[in-house]
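Single-structure report; data block below.
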Amino acid sequence: MKEIIDVTNLNFSWGNNHVLKDLNLNLKENELVSIIGINGAGKSTLLKCLNRILKPDSGEISIFGEELSDVDLIELSKHISYVPQSIRSNFSMDVFDVVLLGRRPHIQWMIAGEDREKVSKTLRYLNLEEFAFRRFDQLSGGERQRVIIAKAVAQDPAVYLFDEPTSDLDLKNQIEIMKRIKELISVPESPKSALIAIHDINIAARFSDRILLLHEGRIIADGTPQEVLTTKNIAEVFNVTSEIVNMHPNYIRIIIKDEINEKKTNRTVIL
Amino acid sequence: MDSISEKHIENGKTQFLMVLILGIITVFLSLFAMGQGSSSNLDMMSTINIILGLEAATELQSDIIWKLRFPRILMAIIGGAALAVAGSLMQGCLGNPLVSPLTLGVASGAALGAAFAIVLGVSVLPYSNLAIVANAFFFSLIVVAIIIQLGSLRSISAESYILVGIAITFISGAVVSTMQYFATDAQLSQLAHWSFGSLSRPDLIQVLAISIAVLGLMPTAMKWSWDLNALSIGGDEFAISTGVNPAETRRNMLILSAFMTSVVIAFTGLIGFVGLAAPHMSRLIIGNDYRKLIPCSAIFGAFLMVFADTLGRTLFAPIVIPVGIMLSIIGGPFFMYLLLANRGGKK
């Protein structure tokens, strides 16, 4: 498989807090890769470095062999679409127009018929057609999250960067959205890939081709879900005991049991 | 074409029609306004006929139309349009609905310049009848220069721009207050009159020059519509992922809107409300798509300004109430009604 993104010795700090330390990774065509780790591990920071929202302290990032910082921002947005966890806005638009913003890198000023068609198809594909002419600010958190994902899909990039794409979704929509993402990157004629920062390790286990385990600024495990999601790795990173269950032929399930070494403090429950 | 695309096109046509109707109303209101005034028996039809060359005008009628009423109405249209567009650009690029063209301190700079000219007699164009205007414009350009410098700083946020604008407003206000403290009664009166905001000051040549500057800047504003859409709806990170450079967009739009504001208020004095209200009223009609919002704001701004000025000239004629005051008195309650009605204030 051809490489789309290659990251070498990436370092990033927030002040004195060294978040990413000599990090290396690559992303290949038709690959869905999940990044897991505790809060503050640097998952979102990594995604933002890959989309030039944040500027790394050092290291190299290349996309299709070209240095990321050399690529024009409009061109970059044709290659990469970043989906934040949520967006807050003081203004509003119809959902159709928000998704249409995904066509911004492809158009000059006027909207072409094919751009409208692309938005319509995307809305239908993600079961959002009933929301097309509702105001974005009047949607629920989960509905808004699906609209932002639709905007990224309409952008038609080679790489999707998702930051917690299922965090606001109900159980059915979590599965639904992940299936759609998986479908999108599995079309051989249209080679795409997705890098997803996610907390739900069962969703990661089910849909990922590869999982990166990020801990203390470094990737400490990189491989298939079966290789990375071991009770040992989970205990080391998340400080919890777990059990791996092979109840499905294609993917594993992880049952989280309890905290390891829970701090014994004289806590008082305040009601 | 599928049904969703068709509906989107239909919605666009409906919005275009609404903006067109507002434009036509504004044109008729302007023609009506041209026929209003106590100084002559020029009614609306005679005025239109004289403007179109269908009726011969006496020298007095010609002077009233071309030296008094036409420059005033054109100034109302252009001034209203410029301040409304400036307000919409600033609200969008700063992601803040509370922002108006006065927020960045441009108007305070202009007021400071006017105070220097009126109280101290210090002007960049001394001994000229344009001494106050030139000084107001020069000082507001200093504020524009500060904005340009701010824009060159790395990672300057939207909030920083607003806070610097507030600081400039306080500093300018303090200096103006100090000058007022030592000013004579006549100077105080002149300064207060300047700050009311009036459309009667610029002559036809000046209004035409302002029109050329404002109309020349409008296409530049329109060019940035998509960037403003992304920035106003999703903020910086969302904008970057859409191929928009938020810092560059913000800097360019603030310079553009500050310059538009300077050009107008140097001649008219302080007119604030239209720049805040017209963009919001326009959003209620056509939403937040800047490709439509910019022209709609321009037309709504022109409408509000002509309406307020006409009311100010006719309500207590022959006394003329300055447009800045009228705008706030009639526009304020109307604006509050529209916002509350749209947000479903009922429990």
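The values are calculated or read from the model by the stated rules, or taken from the named source; none is laboratory data. Just so it is clear, the structure is predicted and the values come from calculations on it, not from any experiment. Cβ: placed from backbone, ideal geometry, glycine included. Neighbour counts: every protein chain shown.
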Exercise. Determine, yes or no, whether residue B:17 is within 27 Å of residue B:295 (Cα to Cα), without any contact (Cβ under 8 Å) to a residue 24 or more places away in the chain and away from chain A (no Cβ under 14 Å).
Key: yes
Quiz prompt | Subset of the range A:37-74 (residues that are β-branched (Val, Ile, Thr) and either modelled with pLDDT of 95 or more or closer than 15 Å to residue A:11 by Cα (or both)) | solution = A:45, A:53, A:61
Exercise. May I ask you to list the residues in the range A:185-201 that are surrounded by fewer than 18 Cβ atoms within 10 Å (Cβ to Cβ) and either modelled with pLDDT of 90 or more or within 14 Å of chain B (Cβ to nearest Cβ) (or both)?
Key: A:199, A:200
Quiz item: What are the residues in the range A:31-60 that are assigned to a strand (DSSP E or B) and closer than 17 Å to residue A:157 by Cα, if any?
Solution: A:31, A:32, A:33
Quiz item: Any residue in the range A:16-23 that is assigned to a loop (DSSP other than H, G, I, E, B), closer than 18 Å to residue A:164 by Cβ and either under 20 Å from the mean Cα position of the chain (by Cα) or among the β-branched types (Val, Ile, Thr) (or both)?
Solution: no
Practice problem: Tell me, please, whether a residue that is buried (at least 24 other Cβ atoms within 10 Å of the Cβ) and under 21 Å from residue B:304 (Cβ atoms) can be found in the range B:110-133. | Solution: yes
Quiz item: Do you know which residues across the range B:114-133 are among the small types (Gly, Ala, Ser) and touching a residue at least 24 places away in the same chain (Cβ under 8 Å)?
Solution: B:114, B:115
Exercise. Among what's in the range A:85-102 and is more than 9 Å from chain B (Cβ to nearest Cβ) and at pLDDT 85 or above, pick the residue that is nearest to residue A:151 (Cα to Cα).
Key: A:99
Practice problem: Please indicate, with yes or no, whether at least one residue in the range B:268-281 is part of a helix (DSSP H, G or I), in contact with a strand residue (DSSP E or B) (Cβ under 6 Å, 6 or more places away or on another chain) and under 30 Å from residue A:85 (Cβ atoms). | Solution: no
Exercise. Report whether or not residue B:158 is closer than 22 Å to residue B:177 by Cα, surrounded by 16 or more Cβ atoms within 10 Å (Cβ to Cβ) and among the small types (Gly, Ala, Ser).
Key: no
Exercise. Hey, could you check the range A:123-143 for residues that are touching a residue at least 40 places away in the same chain (Cβ under 8 Å) and either surrounded by 19 or more Cβ atoms within 10 Å (Cβ to Cβ) or of a type in the set (A, V, I, L, M) (or both) and say which is nearest to the other protein chains (Cβ to nearest Cβ)?
Key: A:136
Practice problem: For the range B:319-337, state whether one or more residues are assigned to a helix (DSSP H, G or I), touching a His at 6+ places or on another chain (Cβ under 8 Å) and at negative phi. | Solution: yes
Quiz item: Among the residues of the range A:115-122, is there at least one that is of a type outside the set (Lys, Arg), modelled with pLDDT of 90 or more, in contact with a strand residue (DSSP E or B) (Cβ under 8 Å, 6 or more places away or on another chain) and surrounded by 24 or more Cβ atoms within 10 Å (Cβ to Cβ)?
Solution: no
Exercise. Would you check if there is a residue in the range B:23-31 being exposed (fewer than 14 other Cβ atoms within 10 Å of the Cβ), free of Cβ contacts under 8 Å to residues at least 40 places away in the same chain, under 30 Å from residue A:97 (Cα atoms) and within 14 Å of chain A (Cβ to nearest Cβ)?
Key: no
Quiz item: So is residue A:89 among the small types (Gly, Ala, Ser), within 22 Å of residue B:291 (Cα to Cα) and outside any strand (DSSP E or B) or not?
Solution: yes
Self-check item: Top-ranked residue of the range B:91-112 - restricted to ones that are assigned to a helix (DSSP H, G or I) and of a type in the set (A, V, I, L, M, F, W, C), ranked as nearest to the other protein chains (Cβ to nearest Cβ)
Solution: B:94
Quiz item: Are any of the residues in the range B:247-270 of a type in the set (A, V, I, L, M, F, W, C), out of contact with any Asp or Glu (no Cβ under 9 Å at 6 or more places or on another chain), closer than 28 Å to residue A:101 by Cα and within 14 Å of chain A (Cβ to nearest Cβ)?
Solution: no
Quiz prompt | Options A:218, A:146, A:206; residue that is crowded, with 22+ Cβ neighbours inside 10 Å and either without any contact (Cβ under 8 Å) to a residue 40 or more places away in the chain or away from every other protein chain (no Cβ under 14 Å) (or both) | solution = A:146
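So that you can scan it fast, the table gives a plain yes or no per residue for (1) part of a helix (DSSP H, G or I); (2) out of contact with any strand residue (DSSP E or B) (no Cβ under 6 Å at 6 or more places or on another chain); (3) of a type outside the set (Lys, Arg):
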| residue | (1), (2), (3) |
| --- | --- |
| A:153 | yes, yes, yes |
| A:157 | no, no, yes |
| A:162 | no, no, yes |
| A:167 | no, yes, yes |
| A:176 | yes, yes, yes |
| A:183 | yes, yes, yes |
| A:187 | no, yes, yes |
| A:190 | no, yes, yes |
Quiz item: Out of all the residues in the range A:63-84, which are more than 7 Å from every other protein chain (Cβ to nearest Cβ), assigned to a helix (DSSP H, G or I) and touching a residue at least 40 places away in the same chain (Cβ under 8 Å)?
Solution: A:78, A:79
Practice problem: Taking the residues in the range B:235-246 that are at the interface with chain A (Cβ under 7 Å from one of its Cβ atoms) and small (Gly, Ala, Ser) as candidates, determine which candidate is surrounded by the most Cβ atoms within 10 Å (Cβ to Cβ). | Solution: B:241
Exercise. Check the range B:74-90 and report whether any residue there is under 25 Å from residue B:308 (Cα atoms), in a loop (DSSP other than H, G, I, E, B) and within 20 Å of the chain's Cα centre (by Cα).
Key: no
